[in-house]
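**Student:** Sharing a structure here in structure tokens format.
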Amino acid sequence: MASTSTKILTAEQEAKLRQPIDEYVGNIQEQINALREEGTDRVIEIQSVIDSLKRDKIYTAQEKATRIQELQRELEKAKAVENKNKDAVAKLIGDAENYLKAHFDTDYYQAVIASCRDEKVLAEENYRAAVAKLNQEHQATMAKLSDAHEIKDEKYVHKNRLFDAKMQRIKNLQEVKDRQHAAFEHKFHLIDLLRMSRFTFGESMAQRWENYKYTFNRRDFLLKNGLYIAIIIIFIALCIITPLVKNVQLLTVNNVLNILQQASPRMFLALGVAGLILLAGTDLSIGRMVGMGMTAATIVMHQGINTGSVFGHIFDFTSLPALVRVILALVVCIVLCTVFTTIAGFFTAKFKMHPFISTMANMLVIFGLVTYSTKGVSFGAIDPNIPNMIIPRINNFPTIILWAVAAVVIVWFIWNKTTFGKNLYAVGGNPESAAVSGISVFWVTVGAFVMAGILYGFGAWLECIRMVGSGSAAYGQGWEMDAIAACVVGGISFTGGIGKISGVVVGVFIFTALTYSLTTLGIDTNLQFVFSGIIILVAVMLDCLKYVQKK
């Protein structure tokens, strides 16, 4: 232990190693500052004054113009000085950087790294020694005791002492980590002063990597990414097993495109319910919305006269052009879905009803109405020309994916770049605080449900075109679980106010790819529900752990 401790640098020794570097670069920095004083520094100062003057409402337009002209003349003089000294400044900066390259690592940083490595070893040795001593003292004390209450107290005290020793070890290791990080950052601090906060791409990446290592926490990393890691391992296993069992390659371009194609309509549904989960809510009626939308869209775009009826009435839209029928089907889907989501949103916002109840009521009402009105029959196929018109394949690329991409971009913009999106996060995070700050919780809640209805309508319409019809009340059963699960796996927290669109996208792809892979492998559909259930359970558990940790 003694030999180890002699290699450890004290704060004074470390400062002594760094002193020549600081003095050399510091002398150059003083020369650069003198050259910048009437040049670059003056340019920045004048530009700041001009910007402030333009925003200032005290002066008249004429006074502003006169003052700005004077400042512009001073700015030109300062820029001339800056240009005059540019080469001299660049030469000084190059000299300082060359010195840092030659001396910083070899004369200072490597010595600090070696010292920190020895400090870690010493901290571990001290911890083991402290634990051994505490255990020895505990055993000696326990040997003298006979009273059960005293023995219990001694065990409690010993446990606390072990915890204190552990905390001291963590503290010592963190101090070592801080010391090494500070030594690393010192070089970039000097470069920052020399170049006025201008770093190369490589230097920026080096700082990011160092900051990532410095702030890395294994527990937080596993909480955020543990589920993704497990799912990736499952996919790798499936990619290995499937060729062996089924003699079919799973990871092919065609399969990836098929997964993306299947995920596209589901993306609309997940984006819709994500906004409701962001408000600490949910939606149990998504599957029935899809069934209703599929039925309505199939009736409008049906090939020939409908064979089924709605409340006894048979519809015939064959006299309308195909494009008109497509647009009409989309409008009908959006209107129907939005009407029902708005009703659920109204009850949720007005009467503080939990979305679980309001959307469950929607689910029952929709399924009952659609099944009763259509007698539960399937309406067959739509006009076969419509899919080629709306989602054609171009060089085997399914353009339905572009619809999903457009939806992601639009919803991302709404969430991140509009007042409504910011209010959505605020209400989801803390509705009471949002109300106090002037945000209408009622209209934000209703707005989230309306947006969800529009997205559900689009998703049902797109699924109808993808499947070339076959709309029925039973279609979409269980889709609400897939959409909700995709959001949860993607990091949309049920605690409200937390989540990103990128997470929703990842969640949809994960579930669609998992379903596709298991189907290709020949796993029974019922067992696939087991996989989905386990993933949902783990995802929500991790979400709850993160929430508890923050609390």
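Derivation of every value follows stated rules applied to the coordinates shown; laboratory data play no part. Small disclaimer: the values here were computed from a predicted structure and weren't measured. Positions of Cβ are backbone-derived with ideal geometry, glycine not excepted, and every protein chain shown enters the neighbour counts.
**Student:** With each run of n ≥ 4 DSSP H residues scored as -39500 (n - 2.57), what mean residue ellipticity at 222 nm is computed for the chain after dividing by its residue count and rounding to the nearest 500 deg cm²/dmol? The partial results should precede the final answer.
**Tutor:** Numbers: 20 runs with 433 residues, N = 551.
Value at 222 nm, helices only, nearest 500: -27500 deg cm²/dmol.
**Student:** Using Cα positions and a limit of under 13 Å, work out the aspartates and glutamates in reach of LYS84, with same-chain residues fewer than 8 apart set aside.
**Tutor:** Filter leaves GLU37, GLU38, GLU76.
**Student:** Residue farthest toward the positive end of the dipole of the range 2-216, with Cβ of Lys/Arg at +1 and Asp/Glu at -1: which of ILE50, ILE32, LEU9?
**Tutor:** Result: ILE50, furthest along the dipole toward the positive end.
**Student:** With +1 on each Lys and Arg Cβ and -1 on each Asp and Glu Cβ, and nothing else charged, work out how big the dipole of the range 2-216 is about its Cα centre, in Debye to the nearest 20.
**Tutor:** That gives a dipole near 620 debye.
**Student:** Quick one: helix 322-350 against the long Cα principal axis of the chain, what's the angle to the nearest 10°, folded into 0 to 90?
**Tutor:** The two axes meet at around 70 degrees.
**Student:** A follow-up question, please. How large is the dipole of the chain about the Cα centre if only Lys and Arg carry +1 and Asp and Glu carry -1, each at its Cβ, rounded to the nearest 20 debye?
**Tutor:** Magnitude of the dipole: close to 820 debye.
**Student:** List the trypsin sites (Lys or Arg not before Pro) within the range 1-63 that fall in a DSSP loop (any state other than H, G, I, E or B) and whose Cβ has at most 11 other Cβ atoms within 10 Å.
**Tutor:** Qualifying residues, ordered by number: LYS57.
**Student:** Counting other Cβ atoms within 10 Å of each Cβ, which chymotrypsin sites (Phe, Trp or Tyr not before Pro) in the range 164-240 have at most 11 and sit in a DSSP loop?
**Tutor:** In loop regions of the range 164-240 (DSSP not H, G, I, E or B), the sparsely surrounded chymotrypsin sites (Phe, Trp or Tyr not before Pro) are PHE216.
**Student:** Restricting things to alpha carbons, tell me how big the chain is in terms of Rg and Dmax, in Å.
**Tutor:** For the chain, the Cα-based Rg and Dmax read 33.2, 100 Å.
**Student:** Another question, if that's okay. Starting from the Cα of ALA406, step 7 Å along the direction of its Cβ; do the same at ASP56; then give the gap between the two resulting points in nm.
**Tutor:** Between ALA406 and ASP56, the simple spin-label model gives 5.1 nm.
**Student:** Defining a contact as two alpha carbons under 8 Å apart and six or more residues distant in sequence, what relative contact order in percent does the chain show?
**Tutor:** 18 percent
**Student:** Of all alpha-carbon pairs in the range 413-551, indicate the percentage at a distance above 26 angstrom.
**Tutor:** On the way: 3485 of 9591 pairs.
Tail of the P(r) past 26 Å holds 36 percent of the pairs.
**Student:** Another question about this same structure. Using +1 at the Cβ of each Lys and Arg and -1 at the Cβ of each Asp and Glu in the range 267-506, identify which of ILE305, ALA474, PHE494 lies farthest towards the dipole's positive end.
**Tutor:** The listed residue farthest towards the positive side: PHE494.
**Student:** In this model, which of LYS177/LYS422; LYS350/LYS422; LYS152/LYS177; LYS16/LYS177; LYS91/LYS187 are farther than 26 Å apart at the alpha-carbon? Spell out each step's value before the answer.
**Tutor:** On the way: LYS177/LYS422 37 Å; LYS350/LYS422 21 Å; LYS152/LYS177 38 Å; LYS16/LYS177 20 Å; LYS91/LYS187 19 Å.
Over 26 Å apart, Cα to Cα: LYS177/LYS422; LYS152/LYS177.
**Student:** Sticking with this one: For a quick protection proxy, order the peptides 403-415, 495-507, 442-454, 130-142 by their average other-Cβ count within 10 Å, most packed first.
**Tutor:** Working: 403-415: 17.3, 495-507: 19.8, 442-454: 22.5, 130-142: 13.1.
Listed from highest to lowest mean packing, they are 442-454, 495-507, 403-415, 130-142.
**Student:** Just to be sure I understand: if I project the alpha-carbon convex hull of the range 267-506 onto a plane and average over all orientations, what area do I get in nm²?
**Tutor:** 12.7 nm²
**Student:** Another question, then. Just to check, using Stokes-Einstein with a Kirkwood Rh over alpha carbon pairs, what's the diffusion coefficient of the range 304-402 at 25 °C and 0.890 mPa s in µm²/s?
**Tutor:** 150 µm²/s
**Student:** Can you list the aspartates and glutamates whose alpha carbon is less than 19 Å from that of LYS352, not counting same-chain residues fewer than 8 positions off?
**Tutor:** Filter leaves ASP283, GLU432.
**Student:** If you don't mind, there's one more thing I want to ask. Using Cα pairs closer than 8 Å and at least 6 residues apart in sequence, work out the relative contact order for the range 2-216, in percent.
**Tutor:** Values: 114 pairs, mean separation 58.4, N = 215.
RCO, the range 2-216: 27 percent.
**Student:** Here is a follow-up. Can you give me the convex hull volume of the Cα atoms of the range 218-301, divided per residue and expressed in Å³?
**Tutor:** Hull volume normalised by residue count: 166 Å³.
**Student:** Then there's this: Straight distance only, please: which aspartates and glutamates reach the Cα of LYS64 with their own Cα at less than 16 Å, same-chain residues fewer than 8 apart left out?
**Tutor:** Partners found: ASP51, ASP56, GLU74.
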